[in-house]
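Shown next, in structure tokens, is the structure this report addresses.
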Amino acid sequence: MKSLPAWLIDARLSADIEPLLRQNDAASLERLAAEAQAVTLRRFGRIISLYAPLYLSNFCSSGCVYCGFASDRTSPRRKLDTGEIEKELLAMKALGIGDVLLLTGERTSTVGFDYLRRAVEIAARHMPRVAVEAFPMSVAEYRGLAECGCTGITIYQETYDPENYRDLHRWGPKQDFLERLETPERAITGGIRSVGIGALLGLSEPVGEALALLRHARHLCRTYWKAGVSVSFPRIRPQEGGFQPSFTVSDRFLARMIFAFRVGLPDIDLVLSTRESSNFRDGMAGLGITRMSIASRTTVGGYVEADATSASQFEVCDDRSAEAFCAALRAKNLDPVFKNWDAAYNNPLATEERA
Amino acid sequence: MDSLRLGTYTFSSRLILGTGKFSSTSAMLEALRASGTQLVTVALRRFNREQAEDDLFGPLSQIEGLTLMPNTSGAATAKEAVKAAHISRELSGSPFIKVEIHPNPHHLMPDPIETWEACKILAGEGFIVMPYIPADPVLAKRLEEVGCSSVMPLGSAIGSGQGLSTADMVKIIIRESSIPVIVDAGLRSPSEACAAMEMGCEAVLVNSAVAVARDPAAMARAFAKAVEAGFEARNAGIMPRSGTAVATSPLTSFLGAAS
């Protein structure tokens with residue numbers, strides 16, 4: 001079996017940030033928040049970039065114990081056909097969205113690469129920026145997506161603890177820890193411009209997870225200097241299956257982690273989704289967080305049918321409309337930006353040259 | 001006051017402003033008006049045909065007497081920048097293009113090689129080409145040779161607020177250049193803009209320092225005054241700095257009186 005990569009276990013790569021995460025007093029949290037805000041303001045100004053997820057399918061071949069899409073869940077399965085994808089995109093466009101994240105479960109015979117590529121093609125006709133959060137792919141497959149206009153992928157390692165990882169992923173292709181760990185590098189090599197990483201917080205000991213995630217981001221930035229890297233901070237949410245996480249990640253710890261990441265990674269996007277409450281999201285916007293999802297529907301077909309009956313991957317916590325969320329950002333003197341990219345930069349030839 | 005000449009255009013204001021990073025479009029517009037700027041840069045990324053509320057181009061084109069200088073921020077290669085320039089010209093109708101190519105999307109440092117490639121092509125196509133560059137005197141001359149209308153060396157990293165940390169190199173660029181030199185990026189306060197003008201810059205480009213100020217309009221006004229003061233001081237003849245005191249017992253008295 002292949003051994004773990006050096007960056008994953010080299011504590012020196014995160015030694016500067018570790019003390020910030022190990023403190024737990026209110027005064028140090030406040031100081032760290034002020035520093036995170038100052039760093040964010042300098043590099044990103046008062047802009048919050050917005051994106052929205054589009055769930056294409058909830059078919060899945062994996063047995064992740066914490067996920068509502070796992071293949072042993074009994075809820076109905078569904079995938080959008082090309083006409084439905086188009087309708088969803090138009091509904092999203094009507095909300096002003098210009099940046100979409102296409103999601104599926106792990107690869108199945110029903111929902112595989114060809115289906116996903118077709119979805120990217122359609123999305124790229126309607127949205128300036130298209131990213132994908134699906135299953136690990138080969139370099140050639142990533143190149144195929146990049147050529148169709150996919151500029152980013154998101155792939156969470158879920159947990160950086162190899163033993164926990166094995167126990168949490170009961171079957172399916174996702175069981176291979178290292179294969180998943182190397183996925184962002186394959187995507188970049190295939191010409192995908194930016195990769196989003198994250199750990200599903202609550203699965204393993206939080207400080208250790210945070211430090212491994214930080215090392216992962218730094219490793220990617222150093223090794224692939226032209227690639228964009230972003231970090232998300234998903235916490236486990238209630239889902240069908242009723243999984244209870246082993247570790248509690250408090251609001252205060254999550255905030256501390258995000259502040260520390262901003263200090264340790266001053267110029268990358270830090271992302272917060274609608275998994276979090278409106279209170280937490282509004283509070284964190286601009287204090288390190290620079291990119292947020294809006295009006296999220298985590299059911300397949302959720303933008304067109306308000307009462308879509310398929311299972312959701314997790315329960316959304318901040319269920320405000322795009323309008324209401326933007327109003328909250330503006331009240332904080334922040335500018336919600338729906339389009340912060342242009343299709344002019346999705347040139348496939350240029351993408352090949354970069355790879 | 002002399003005008004700033006860029007290509008066939010002349011401007012009485014020597015403060016160029018960026019339009020990103022503001023808390024709202026209205027805060028941005030208010031700052032532009034307060035500054036009296038006549039030239040602003042705007043990213044193609046922020047042009048939104050679909051949604052007027054999210055669009056920067058539309059509101060900017062409503063300000064009378066304002067010339068737009070679209071920029072290629074987001075481009076990682078010369079090819080992408082050229083494509084972005086073509087689209088920007090079509091959308092804005094402006095012949096100006098700020099060539100901004102940063103292959104690393106994090107620190108946003110300009111790529112000198114790709115920038116030179118793109119500028120050569122765009123100058124050949126008749127654009128008024130304004131490249132954002134590292135403060136490299138050789139690159140500045142190479143860009144002048146291919147027909148750029150100005151060079152815009154960085155004072156320090158975008159958004160860093162580190163001021164004129166490249167001052168020594170910018171001075172060489174100014175000394176050698178036959179086209180206007182404009183410091184772009186890194187300026188934190190009006191005094192730094194003033195210093196850049198005193199040094200010999202023809203204009204300065206500011207964005208973050210205005211956009212993130214508590215009162216962007218007041219800060220924009222302050223920058224405008226500082227730029228004017230620096231330019232006027234330079235033309236008035238700044239007293240040379242004397243590096244050493246004059247010894248009371250002259251060191252050269254042994255040479256005797258000059259004959």
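Brief remarks on what is shown
- Pairs of lysine residues in chain A that meet both criteria, 8 or more places apart or on different chains and Cα atoms under 22 Å apart, total 7.
- Two-site label geometry, B:SER61 and A:ARG170: point separation in nm, points 7 Å out along Cα→Cβ: 5.8 nm
- Across peptide B:102-108, the mean count of Cβ atoms from other chains lying within 10 Å of each residue's own Cβ comes to 6.
- Unit Cα scatterers, Debye sum, the stretch B:170-256: log10 I(q)/I(0) for q = 0.19, 0.20, 0.22 Å⁻¹: -0.85, -0.91, -1.03
- For chain B, DSSP calls about 10 percent of its internal beta bridges antiparallel.
- Given a 1.4 Å probe and the protein chains as shown, B:LYS83 ends up with an accessible area of around 70 Å².
- Heavy-atom accessible area ranking, 1.4 Å probe, most first, across B:PHE47, B:PHE22: B:PHE47, B:PHE22
- The stretch A:1-44 - convex hull of the alpha-carbon atoms, volume per residue in Å³: 110 Å³
- For A:LEU203, the shell of other residues with beta-carbons less than 11 Å away shows a net charge of -4, using +1 for Lys and Arg and -1 for Asp and Glu.
- Under 5 Å, built H, 5+ apart or other chain: amide partners of A:GLY68: A:GLU240
- Figure legend: label point modelled 7 angstrom from the Cα of B:GLU232 along Cα→Cβ; residues of the stretch B:3-28 with amide N under 17 Å from it are B:3-4, B:12-15.
- Positive minus negative residues near A:ARG222 (Lys, Arg vs Asp, Glu; Cβ under 15 Å): 0
- Dimensions (Å) - chain A, Cα atoms, principal axes, largest first: 54, 52, 46
- Normalised alpha carbon radius of gyration of the stretch B:92-171 [divisor 2.2 N^0.38 Å]: 1.08
- Kirkwood-based Rg to Rh ratio, chain B, C-alpha trace: 1.06
- At q = 0.20, 0.30 Å⁻¹ the log10 of I(q)/I(0) for the stretch B:69-108 amounts to -0.51, -0.94, computed by Debye summation with a single uniform scatterer per C-alpha, solvent ignored.
- J(HN,Hα) series, the stretch A:320-325, from Karplus relation 6.51 cos²θ - 1.76 cosθ + 1.60, nearest Hz, glycine and proline x: 5, 5, 4, 4, 5, 5
- Looking at the protein assembly as shown alone, DSSP beta bridges between its own residues are antiparallel in about 10 percent of cases.
- When the charge dipole of the stretch B:1-75 is built from unit charges on Cβ atoms (+1 for Lys and Arg, -1 for Asp and Glu) and taken about the Cα centre, the candidate among B:SER24, B:TYR9, B:LEU68 whose Cα reaches farthest toward its positive end is B:TYR9.
- Computed over every Cα-Cα pair of the stretch B:127-184 and binned at 10 Å starting from 0, the pair-distance distribution P(r) comes out as 27, 56, 16, 1 percent.
- Rounded to the nearest whole Hz, the Karplus-based 3J(HN,Hα) values (6.51 cos²θ - 1.76 cosθ + 1.60, θ = phi - 60°) of the stretch B:54-69 follow the sequence 9, 9, 9, 4, x, x, 5, 6, 7, 7, 5, x, 9, 9, 8, 10, with x at glycine and proline.
- For B:ASP184, the residues whose modelled amide H falls within less than 5 Å of its own, excluding neighbours fewer than 5 places apart on the same chain, are B:LEU154, B:GLY155, B:LEU205.
- Calculated P(r) tail over 12 Å for the stretch B:160-208, as whole % of Cα pairs: 57 percent
- Once backbone amide H atoms are built at 1.01 Å from N, B:PHE96 has B:ILE128 as its partners under 5 Å, excluding neighbours fewer than 5 places away on the same chain.
- Heavy-atom accessible area order for A:THR154, A:THR110, largest first, 1.4 Å probe: A:THR110, A:THR154
- Cα-centre dipole for chain A with unit charges at Cβ (Lys and Arg positive, Asp and Glu negative), debye to 20: 540 debye
- Other protein chain Cβ atoms within 10 Å, averaged over every residue that makes up B:202-212: 2
- A:SER71, A:SER14, reordered so the largest accessible area comes first (probe 1.4 Å): A:SER71, A:SER14
- Per-selection Rg to Rh, the stretch B:1-47 - Cα, Kirkwood hydrodynamic radius: 1.02
- Dipole orientation for the stretch B:108-212: of the candidates B:CYS194, B:CYS119, B:ALA135, B:CYS194 has the Cα lying most toward the positive pole (charges on Cβ; Lys, Arg +1; Asp, Glu -1).
- Note on chain B: Lys pairs 8 or more places apart or on different chains, Cα atoms under 15 Å apart, count 7.
- For the stretch A:7-112, the alpha carbon convex hull comes to 216 Å³ per residue, rounded to a whole number.
- Gyration tensor over the Cα atoms of the protein assembly as shown: the corresponding equivalent ellipsoid has semi-axes (square roots of 5 times the eigenvalues, largest first) of 47, 27, 23 Å.
- For the protein assembly as shown, the dipole from Cβ point charges (+1 on Lys and Arg, -1 on Asp and Glu) about the Cα centre works out to 500 debye, to the nearest 20.
- For the pair the stretch A:233-269 / the stretch B:13-32, the C-alpha centres are spaced 35 Å from each other.
- Estimated D of the stretch B:16-142 in µm² per second, where Rh is the Kirkwood radius over Cα pairs and Stokes-Einstein applies at 37 °C, 0.692 mPa s: 219 µm²/s
- Environment charge of A:SER246, counting only residues whose C-beta is closer than 11 Å and scoring Lys/Arg +1, Asp/Glu -1: -3
The values are calculated or read from the model by the stated rules, or taken from the named source; none is laboratory data. In this text, all values refer to a predicted model and were calculated from it rather than measured experimentally. All Cβ positions, glycine included, derive from the backbone under ideal geometry; neighbour counts span all protein chains shown. These area figures cover heavy atoms from the full protein model, side chains too; ligands, DNA and RNA do not enter into them. Shrake-Rupley method; radii C 1.70, N 1.55, O 1.52, S 1.80 Å.
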